[in-house]
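A short write-up of the structure that comes next.
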Amino acid sequence: MFIKKNDISYIRNFFLFFIIAKGITFLAPVFFIKFITVEQYGVIEYSFAIGSVAAVALMLGLGGAYPYFILKKEEKNKEEAFFLYGLIIFILFVIAVSIYYSHVISKSFYLIFLFSSIFSLQRLYSSILKCNDKGNIGSLYDSGYFFVLLLVILACIITKVLDPLILLQHLMEVYLLGLIAIFILEYVKKKKQSLTYTFKHDYPEILHYSIHLVISGIIIYGLTSCSRIFIKIFMNYEQVGIYSFYFRMVAISVAIYQFCYIAYFKKLYLSNANKLDKYYAFIMFVILCCCLLCSLCRPLLNKYLLNGHEIAYVRAKLFLLLCVQMPIWVGISFNEGIISRENLVSRMNLVLGIIVLAFPVLLYCFKSQMNLELFTFLNIVIFCAAYFSQLQILKSKGINLRVCALYNYFSLSLSFFIFFI
């Protein structure tokens, strides 16, 4: 649908970078569980989840504002303001390091800071690169943290690492400094106006637009990334670890989503409703099929990676529910970009904000019966409700995604069938 002959060379180059980046993204967190306890795995995944949400606020909506000002409004003079963000993160990093190593803040809080800072810089730089037709490099930065995780795994294989979590923390610090250096160097190259002018003129205009994206981003990430946070609240770190392990096994869906979104960012951002409907529905169906195919690897991975871990039984129902959940997760992420394009973010924030707030209430109502399968089923119900609301908001603007709506109903029905069999 989107592929043309002159795109072939671009896709070939992009695909090589992408396979490397997303292969590591998919495999590294799955294999990391072999070197730590399930509870420790849960701690890392819990910090990862909070960092993902916190990064939205920390990034100030700049990732979504960059294509608006640089692509849509063609205000290239504002580009240096986006790279100046690296200096802000550097100041925060110096403060965080000082108070952490002075034992003022806890290790868990410091880990959350590292995750949120890394993710905010990764996402912003990836947005900048894909807006400049460098999606191949952008895919590497999207997966930067997982390259760090791979280094920890290799160190555990080659040497006897006493504490993999400590090593992970130190490598994350080094990686964060590397990201900061890239931003500051790019800012110096592009700098044409004073800091005073940037802070007094460029940032107020950028933030006036991006503040709505911060709110919507927190809501979207609260909807799609808070599952591990709620599992910790209603259960424990070990259950977070079990859920995260199976979630990582269906993370191929995220790789497919990112491949399509990064490779065709401009085209998706500017396409009409008919093309979007067919493309989105097709991708969601492909993701469902790929997740189900991953089930063929599940017995082998369980035997090799969970050997020695005290997990009572293979969670087949949990895995199948996650297979149904992930395509809707992707659909929600796709719709967010189009809603932003159509300046409907405020309406989405109101509706999805109510749905996000309803989720913990729903979980509390089932607290006494809570297990991972019930949690995932309720999560799918919330996802489908959120996706339906997005489709209705787009429909009011004349963007009617009929096939996507049918897929949403299919997913909800399939989740009921799986959960109650």
Please specify each residue of the stretch 105-157 satisfying the condition of being over 12 Å from residue 63 (Cβ atoms), aliphatic (A, V, I, L, M) and modelled with pLDDT of 90 or more. 111, 112, 114, 118, 148, 149, 150, 151, 152, 153, 154, 155
Looking at (1) surrounded by fewer than 16 Cβ atoms within 10 Å (Cβ to Cβ); (2) over 16 Å from residue 186 (Cα atoms); (3) of a type outside the set (Lys, Arg), can you tell me which one residue 87 breaks? (2)
Subset of the stretch 250-271 that is assigned to a loop (DSSP other than H, G, I, E, B) and modelled with pLDDT under 70 - its residue that is nearest to the chain's Cα centre (by Cα): 264
Only residues that are of a type in the set (A, V, I, L, M) and under 23 Å from residue 145 (Cβ atoms): list them for the stretch 175-194, please. 176, 177, 179, 180, 181, 182, 184, 185
Lone unmet requirement of (1) surrounded by 22 or more Cβ atoms within 10 Å (Cβ to Cβ); (2) farther than 23 Å from residue 320 by Cβ for residue 215: (1)
Filter the stretch 140-155 for residues that are outside any loop (DSSP other than H, G, I, E, B) and touching a Ser or Thr at 6+ places or on another chain (Cβ under 8 Å); which is surrounded by the fewest Cβ atoms within 10 Å (Cβ to Cβ)? 146
Is at least one residue of the stretch 112-128 free of Cβ contacts under 8 Å to residues at least 12 places away in the same chain and over 14 Å from the mean Cα position of the chain (by Cα)? no
Hey, among 124, 129, 111, 92, which residue is in a helix (DSSP H, G or I) and more than 25 Å from residue 207 (Cα to Cα)? 111
Kindly evaluate residue 412 against the criterion of being without any contact (Cβ under 8 Å) to a residue 12 or more places away in the chain and either in a helix (DSSP H, G or I) or of a type outside the set (A, V, I, L, M) (or both). no
Name the single residue that is nearest to the chain's Cα centre (by Cα) among those in the stretch 220-243 being part of a helix (DSSP H, G or I), among the aliphatic types (A, V, I, L, M) and modelled with pLDDT of 80 or more. 229
Limited to the stretch 390-413, what total is found for residues that are surrounded by fewer than 19 Cβ atoms within 10 Å (Cβ to Cβ) and either out of contact with any Cys (no Cβ under 9 Å at 6 or more places or on another chain) or modelled with pLDDT of 95 or more (or both)? 12
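The values are calculated or read from the model by the stated rules, or taken from the named source; none is laboratory data. The shown structure was predicted, so the numbers you read here are calculated from the model rather than taken from an experiment. For neighbour counting, all protein chains shown are included, and Cβ atoms are generated from backbone atoms with ideal geometry for every residue, glycine included.
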